[in-house]
Amino acid sequence: MKKKIIISIILLLAIGAGGIYTYYKTGLLSAYRFKHDVEKYNNQMKPNSEVFYPYVAVPTDNPVKYVSEKDAVEFLDKGTGAILFGFPNCPWCRNLIPVLLNVATDMKINQIKYLDIYNIRDTKTLGDDLSITTTKEGTASYFQLLNKLDLHLNNYTLTDSDGNKHDTGEKRLLAPTIVFVKSGNIMLVNEATVKSHIDKGDGYSPMTDEEKAELYSILKNGFDLIYAANPTQGC
């Protein structure tokens with residue numbers, strides 16, 4: 001009897017392990033995690049302000065797949081697909097996400113890679129004497145990403161009290177940045193949302209229908225560039 005019980009427990013554990021593996025393999029865990037990470041800021045106010053984070057509803061079956069820093073570097077080396085760099089409480093990201101997911105649904109894109117960059121970037125400050133100090137070091141993989149995306153990124157600048165900008169001598173991976181890659185070749189990079197929305201200077205401002213349509217067109221073009229022959233192919 002004890003032997004049968006032990007065998008039954010082993011079988012249940014094996015079935016459970018298989019289910020967990022399938023959960024990971026199909027990307028369902030990443031999809032649920034993305035939904036949770038983004039939606040937890042709904043109806044929440046930005047700290048020390050009276051501004052609410054843009055509301056975002058994320059489908060449970062979204063195509064977002066979390067990747068590690070190492071995976072992101074390797075993907076830029078030889079991958080095909082799209083990768084989004086951002087973090088869930090970034091207001092610009094929250095404006096972009098619904099449009100990106102709509103494009104993915106319409107084009108039957110089954111995977112978009114995602115790297116949360118909130119904790120991996122370095123932070124620099126500008127002193128009263130205009131000296132630049134690094135107050136937080138970036139990770140080694142972050143600087144590898146900067147190197148690979150160098151030609152497509154803006155300079156990391158700091159602004160003094162008079163509104164003058166000072167170059168730190170390195171590039172900056174802004175949130176959100178979405179990169180479309182084909183066999184390791186960068187086909188298109190889009191930072192933030194669209195120019196007219198960026199010019200408002202406030203990521204908490206909702207995009208107009210025209211701005212959403214413009215962003216949709218940009219993102220669709222990115223997927224067209226990498227999946228022209230087979231738009232439903234994932235990576």
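Here the scattering of the stretch 43-134 is modelled by Debye summation over its C-alpha atoms, one equal scatterer each and no solvent; at q = 0.14, 0.17, 0.22 Å⁻¹ the log10 of I(q)/I(0) is -0.68, -0.89, -1.15. Accessible surface calculations at 1.4 Å, restricted to protein heavy atoms, place the chain at 56 Å² per residue. What's the center-to-center distance, using Cα atoms, between the stretch 76-110 and the stretch 111-144 in Å? Answer, in whole Å: 21.
Semi-axes of the equivalent ellipsoid of the chain are 35, 22, 20 Å, computed as sqrt(5λ) over the eigenvalues of the C-alpha gyration tensor in descending order. Listed by number, the DSSP H helices of the chain that run 27 Å or longer by alpha-carbon position along their axis and have mean Kyte hydropathy of at least -1.0 are 2-25.
Sorted by mean Cβ packing within 10 Å, highest first, what order do the peptides 185-194, 88-97 take? List each step's numbers first, then the result.
Numbers: 185-194: 18.1, 88-97: 22.9.
The peptides rank, most packed first, as 88-97, 185-194.
Shape class of the stretch 41-87 from the Cα gyration tensor (axes a ≥ b ≥ c, square roots of the eigenvalues): prolate, since a/c reaches 1.5 or more and a/b is larger than b/c. Each listed q (0.11, 0.20 Å⁻¹) maps to a log10 I(q)/I(0) for the stretch 103-170, found by the Debye formula over equal Cα scatterers with no solvent: -0.41, -0.92.
Under the 0.36 nm per residue contour assumption, what length would be gained going from the current alpha-carbon distance of ASN147 and VAL51 to full extension?
Full extension from ASN147 to VAL51 adds 31.0 nm.
Taking the inverse of the mean reciprocal distance over all distinct Cα pairs, the Kirkwood hydrodynamic radius of the stretch 70-112 comes to 11.7 Å. As a calculated quantity, the FRET efficiency between HIS36 and ASN119 at R0 = 22 Å, using C-beta atoms, amounts to about 0.80. Per-residue ellipticity at 222 nm from helix content only, as computed over the chain with -39500 (n - 2.57) for each DSSP H run of at least four residues, stands at -13000 deg cm²/dmol. Between ASN164 and ILE218, the simple label model (points 7 Å from Cα in the Cβ direction) yields a spacing of 3.1 nm.
Please go through the residue pairs LYS65/LYS182; LYS200/LYS220; LYS65/LYS200; LYS70/LYS124; LYS148/LYS220 and name each one whose alpha carbons sit more than 28 Å apart in this structure. Beyond 28 Å: LYS65/LYS200. Structural descriptor for the chain: relative contact order 21 percent, calculated from alpha carbon pairs under 8 angstrom and at least 6 residues apart.
The values are calculated or read from the model by the stated rules, or taken from the named source; none is laboratory data. Not measured: the values here are computed from a predicted model. Glycine also receives a Cβ, built like all others from the backbone with ideal geometry; neighbour counts cover every protein chain displayed. Ligands, DNA and RNA are excluded from the accessible area calculation, which covers all protein heavy atoms including side chains. Shrake-Rupley method; radii C 1.70, N 1.55, O 1.52, S 1.80 Å.
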